[in-house]
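Report on the following structure.
The values are calculated or read from the model by the stated rules, or taken from the named source; none is laboratory data. Given the structure is predicted, the values throughout are model-derived calculations rather than measurements. All Cβ positions, even for glycine, are placed from backbone atoms using ideal geometry, and neighbour counts span all protein chains on display.
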Ligand SMILES: [Zn+2]
Ligand SMILES: [Zn+2]
């Protein structure tokens, strides 16, 4: 029958499977055929409820199918007969595409549909799930990506500094802001190293000077052992290490970008400082390895 549907009736395999399922159900429950002929229900609705409808409960399901949308009917069917859960899975399908398999909660699915709807209105054309996810992720990362946060913080500090520098120039026309003068045109007081530079985690002179002056102001050499790192220092570490684990093995750098910790190369307990050159981003696994002494970065 399947072969006949595909070859002689030129149905797709999916259509053939759908029609065969429906015709078998109609033979089992003749009332379905009557409802189809009266156009009270559609073939696709019969297929949807084929796994749950029986001679005993037919009137109940038929009534539900007549008054429900496809989506509501499907939901009612899956409440009775859930499909096996799907594990989140990313599979590379081509040079530039990945197939994502995931189970979404209904609320999440509705949110995604809403994003698609808004994008359709904004762009006035068809919008794919890929485009909707791209927009949503971009917005989230813009706000919460530690590297972007660090970049924003640096820009803010530079603006603050150039503002102060401007005031300074007005007051002392012959003097330059001493904090900016050594930054060789980088335009600010924060000399934050950029992408993938210092594999040896050398801190910038700017920040060394900065944390030293911080310590001097407090009149102590070190922070108390438990005091947290400042947001500024964290931003600098994230930016220098570009949000990626700094662990190296055989010349290859670990590529993990999630669950990263800031590690003190020389522990604070042994006098290690919070200066940039003593800090490094490590993923959880390599952080543990380093502390267990099994490996060195
Ligand atoms: Zn550590
Ligand atoms: Zn790692």
When the residues of region 260-297 are narrowed to those that are touching a strand residue (DSSP E or B) at 6+ places or on another chain (Cβ under 6 Å) and closer than 21 Å to residue 151 by Cβ, which ends up farthest from ligand 2 (Cβ to nearest atom)?
279
Out of all the residues in region 234-259, which are farther than 24 Å from residue 151 by Cβ and part of a loop (DSSP other than H, G, I, E, B)?
250, 251
Can you name the number of the only condition in (1) modelled with pLDDT under 90; (2) touching a helix residue (DSSP H, G or I) at 6+ places or on another chain (Cβ under 6 Å); (3) surrounded by fewer than 19 Cβ atoms within 10 Å (Cβ to Cβ) that residue 292 fails?
(2)
Scanning region 279-289 residue by residue, those within 11 Å of ligand 1 (Cβ to nearest atom) and surrounded by fewer than 18 Cβ atoms within 10 Å (Cβ to Cβ) turn out to be 284, 288, 289
Residues of region 260-272 satisfying the condition of being more than 11 Å from ligand 1 (Cβ to nearest atom) and surrounded by 11 or more Cβ atoms within 10 Å (Cβ to Cβ)
260
Screening 255, 241 for residues that are within 16 Å of ligand 2 (Cβ to nearest atom) and without any contact (Cβ under 8 Å) to a residue 24 or more places away in the chain leaves only 255
Residue 39 vs. criteria farther than 30 Å from residue 139 by Cα and either modelled with pLDDT of 95 or more or loosely packed, with under 12 Cβ neighbours inside 10 Å (or both)
yes
Complete set of residues in region 1-18 that are within 22 Å of residue 81 (Cβ to Cβ) and in contact with a helix residue (DSSP H, G or I) (Cβ under 6 Å, 6 or more places away or on another chain):
18
